[in-house]
Every structure is written in structure tokens, then in C-alpha cells.
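*Asks:* One structure, as C-alpha cells, below. Some questions next.
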Amino acid sequence: MQAVILVGGLGTRLRPITYDIPKALVPLRNEPFIGYMIDFLRAGGVDGVVLSMGYLPDPIQEYFAGREDLKDFPIHYAVEDHPLGTAGGIKNAERYLDGEPLVVVNGDVLTGTDLSQAVELHESSDSLATITLTSVEDPTGYGLVEIDHDMLVRRFLEKPAADEVTTNLVNAGIYVLDPEVLHLIPSGQEVSIEREIFPELQAQGTLRAHISSSYWRDIGTPRSYLAASHDVLSGAVGAANGTFEYLSVHPSLVRGKNSKILPPVSVAAGCEIGHSASIGGRTSLGRGCRVGEGAVVEGSVMLDGAEVEPGAVVRGSIIGPNARVGQNAIVRGLSVLGAGCAVGEGNVLDQGIRINPGVVVPPRSLSF
Ligand code: GTP
């Protein structure tokens, strides 16, 4: 079975990180996110994918070019020159599809769902599409889906206010579609599967729900990205076997005297941790990161080349590539530093965002 992975969005909610890195490549435990997606699809019986791309396609293709282990796994690239939306992106992948039922996934979903269950459910029904739903504690920021006793979708509610919430089941961004669904999508136009195609299928009574109670999270906001990073480090994703304390420290790490590494952590190649510095509480350090003498980094992600200078403290935050936290500065409360940003010596950044110097905001409606 083939899958289309939608990775063409601008990832605006995860800016400024996505100014430089497409959402599909933001690292979890120092592995680009799309790697987890490929594992999930292959475990569910998918034997080839089409990447539906638009924004920053080149680094994604370069990542796959370097994945020798996938050379026998067919991967096609359907690149848009202007945003086609979630349904338009599937239509644009059609030339690579085999005309059989297919899986479609949002390229920002981290899940332990058993995909083969959704596929079996779809094959045993006469519905044109099956949509996986998951329950979340606070559904207000999501697309809610009401279902009836026969598991048919009854109504969609896009990002409702708290007093409009009627269910906590949300669209998990995982679909099984019959090829006929592609006939409903016009070519070359921006079309949303959630807002245009699914309501049409729902009205025809041919959209079925598959409910998953497995781990599920999208990585589309700084909060959910950081939470996903914590979860992969503590083993919560495939929770069937319980959690574990992940510890991966590249042997090239240069460690100062009395420095502390408290697992679960992931440290990539070429990092340095100064005397008496400490990293822990589910932290990930990308390649070539530096943590100065006496500095503390907890519950955070430092991307490649980021630096925390002596005496600084970073808690629960995302430090972008080559960004710098100055001496004795404090960065906390889900702050995000874009690539190359700096927080000056002794400054405090709490729940703050620093945008990359000189960044050019990509246009939404013009060509990529
Ligand atoms: P935000 O701007 O933060 O909403 O992010 P997004 O648009 O990247 O993601 P969203 O959650 O809205 O979209 C769900 C999935 O569809 C993501 O994996 C996106 O990459 C993908 N996607 C969104 N728009 C397009 C598009 O125009 N073309 C393609 N091919 N994929 C898209």
C-alpha cells in the first residue's frame, strides 16, 4: 500500500524554527522528524511513499538521499510551485499513485497508532474514506469530529470555542482513502481535505471513523514540539512496554570536570560541556552545541551549533541553530530562539520569542 505524506505547509506556528528547517526535519532525539513518520508507515504495512511538498523541499530530499537504508523503499517527490492545501497536495501526488486505496498522513504527527487497524477497518467497510480520531484533553485548538453509533462521521467543528465543544475526538491527520476520493479534488487548485472534501464525503454518509487510543501528538507548535521531544526521550511514544530512560551521548563529547548529565538525554556529535555544567531533564543537544562552565540546560532542545555560555540557565525552551544564550542569562518558560539569535549577557527571556536576524518571511499565497 502507498502513502502520501503531506509536508508542504509553511509551519507558521512553529516559527521561527521553521524559517530555516522544514517541520518535517525538526529533530526529535537528534533524528529528523520524518524518520519517525517513515517508521510508523512501514510498521503499518506501507511499502512506498509520495512526499507532497512545497515549502523548503530541498533539505527533505537531501535527507532521503542520505538514507542508504531506504534505497529499496520507493519514494517519490511531488513538489508544488504554489500552496495547494491538504487535498490539492494529494491530487498533485496522483501521478505517482497506483490507483489502489492509499494512506494519507499529515507530516507532523507523532503516533504509536496501529495503522494496519485503520486500513483493515477501511477495507471491511464500504466507505470511501476512513479518518483516524484521537481524544485530547483540551480540544479547543483542533478540528473536532462528531460520530454516530455506526462510526460514521456526523459533523466537523473546526477549532471551536470552549463552550462549543461537544466531543474530545479530534482529527489525527491519518486517513485511508479510496482512489475515487481523488476524483473529487480539482487539479492545480488550493483545496483543503478537512474543510472541503471530508464534509462532502460526510454528507454522502461515506466517511468512517477509526478511533485510536494510542500515543498521538502533532509537533506543530513550540509547546507540542517540546512535549514530543520529552516524550521520545522518556519512551512514552510506544508506551506499551512502559517508559525508559534514554541516554545517547556521542563519544566525541568533551566533558569538563564535575559536569553532570542526567538521563534521559540525547547528545549529538561534537558537543562540549564545561566544568560543573549540567544537562538533564529530557534535553537534546544537536551537533556541535556548547554548554559553558556552570551552565544548566534542562528540558530543552538545543539545535545544531547552539551555545549556552558560562553560568547561563536554559529551562523548557528551544534554542535554534547557532543561537547563543549569553553569560549568566536565563531563558525559560517555553521561549524560542530562532537561528543565529542571541540573548545578551545577564538578560532574562521568559516565554519569549526571538526571531532570526534578517529573516525574510515566506509569502503564503505566492509561489514558494
Ligand atoms: P501551520 O502554518 O502552523 O498551520 O502549519 P502547516 O500548514 O505546515 O501545517 P498544518 O497542520 O496546517 O497542515 C497539516 C499538514 O499538511 C502538514 O504536515 C503540512 O506540511 C501539510 N500542508 C499544509 N498545507 C499544505 C500545502 O499547501 N501543500 C502540501 N503539500 N502540504 C501542506
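The values are calculated or read from the model by the stated rules, or taken from the named source; none is laboratory data. Everything numeric here is computed off the predicted structure, so don't read it as measured data. Backbone-built Cβ (ideal geometry, glycine too); neighbour counts: all protein chains shown. To get the accessible areas, we keep the full protein, side chains included, count just its heavy atoms, and leave off ligands, DNA and RNA. Shrake-Rupley method; radii C 1.70, N 1.55, O 1.52, S 1.80 Å.
*Asks:* Which pairs do you get when a residue that is at positive phi, found in segment 8-24, comes within reach of a residue that is near the ligand (Cβ under 7 Å from one of its atoms), reach meaning Cβ atoms under 6 angstrom, with the pair 6+ apart or on two chains?
*Replies:* Gly11/Lys23
*Asks:* For segment 167-197, how many residues meet the condition of being without any contact (Cβ under 8 Å) to a residue 60 or more places away in the chain and over 22 Å from Leu121 (Cβ atoms)?
*Replies:* 2
*Asks:* Identify, from the list Ala118, Ala172, the residue that is in the same structural domain as Asp47 (by TED's automatic domain parsing), within 14 Å of the ligand (Cβ to nearest atom) and either in contact with a strand residue (DSSP E or B) (Cβ under 6 Å, 6 or more places away or on another chain) or open to solvent by less than 10 Å² (accessible area, probe 1.4 Å) (or both).
*Replies:* Ala172
*Asks:* Quick one: is Ile193 within 21 Å of the chain's Cα centre (by Cα), β-branched (Val, Ile, Thr) and open to solvent by 40 Å² or more (accessible area, probe 1.4 Å)?
*Replies:* So Ile193 does not fit the description; no.
*Asks:* Further question on the same structure: Test Arg155 against the stated conditions and say whether it is surrounded by 13 or more Cβ atoms within 10 Å (Cβ to Cβ) and in a strand (DSSP E or B).
*Replies:* yes
*Asks:* Would you be able to tell me the number of residues in segment 112-147 that are in a helix (DSSP H, G or I) and charged (D, E, K, R)?
*Replies:* The total comes to 2.
*Asks:* Still on this model: Pick out, from segment 249-368, the strands (runs of 3 or more DSSP E) lying fully within it that include 2 or more residues that are of a type in the set (S, T, N, Q).
*Replies:* In segment 249-368, the matching strands (runs of 3 or more DSSP E) lie at 283-285.
*Asks:* Here's something else I'd like to know. Just to be sure before I move on: is Val237 assigned to a strand (DSSP E or B) and either open to solvent by 10 Å² or more (accessible area, probe 1.4 Å) or modelled with pLDDT of 95 or more (or both) in the structure I sent?
*Replies:* no
*Asks:* Test Ser127 against the criterion of being open to solvent by less than 40 Å² (accessible area, probe 1.4 Å) and of a type outside the set (Asp, Glu), and give yes or no.
*Replies:* Criteria met by Ser127.
To keep it simple, each residue is scored yes or no on (1) under 16 Å from the mean Cα position of the chain (by Cα); (2) surrounded by fewer than 20 Cβ atoms within 10 Å (Cβ to Cβ); (3) under 22 Å from Pro101 (Cα atoms).
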residue: Leu14; (1), (2), (3): yes, no, no
residue: Val26; (1), (2), (3): yes, no, no
residue: Val49; (1), (2), (3): no, no, yes
residue: Ile60; (1), (2), (3): yes, no, no
residue: Phe73; (1), (2), (3): no, yes, yes
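*Asks:* Only one of Gly85, Gly45, Gly66 is under 30 Å from Leu334 (Cα atoms) and either more than 10 Å from the ligand (Cβ to nearest atom) or at pLDDT 95 or above (or both). Can you tell me which?
*Replies:* Sole residue among the options that is under 30 Å from Leu334 (Cα atoms) and either more than 10 Å from the ligand (Cβ to nearest atom) or at pLDDT 95 or above (or both): Gly85.
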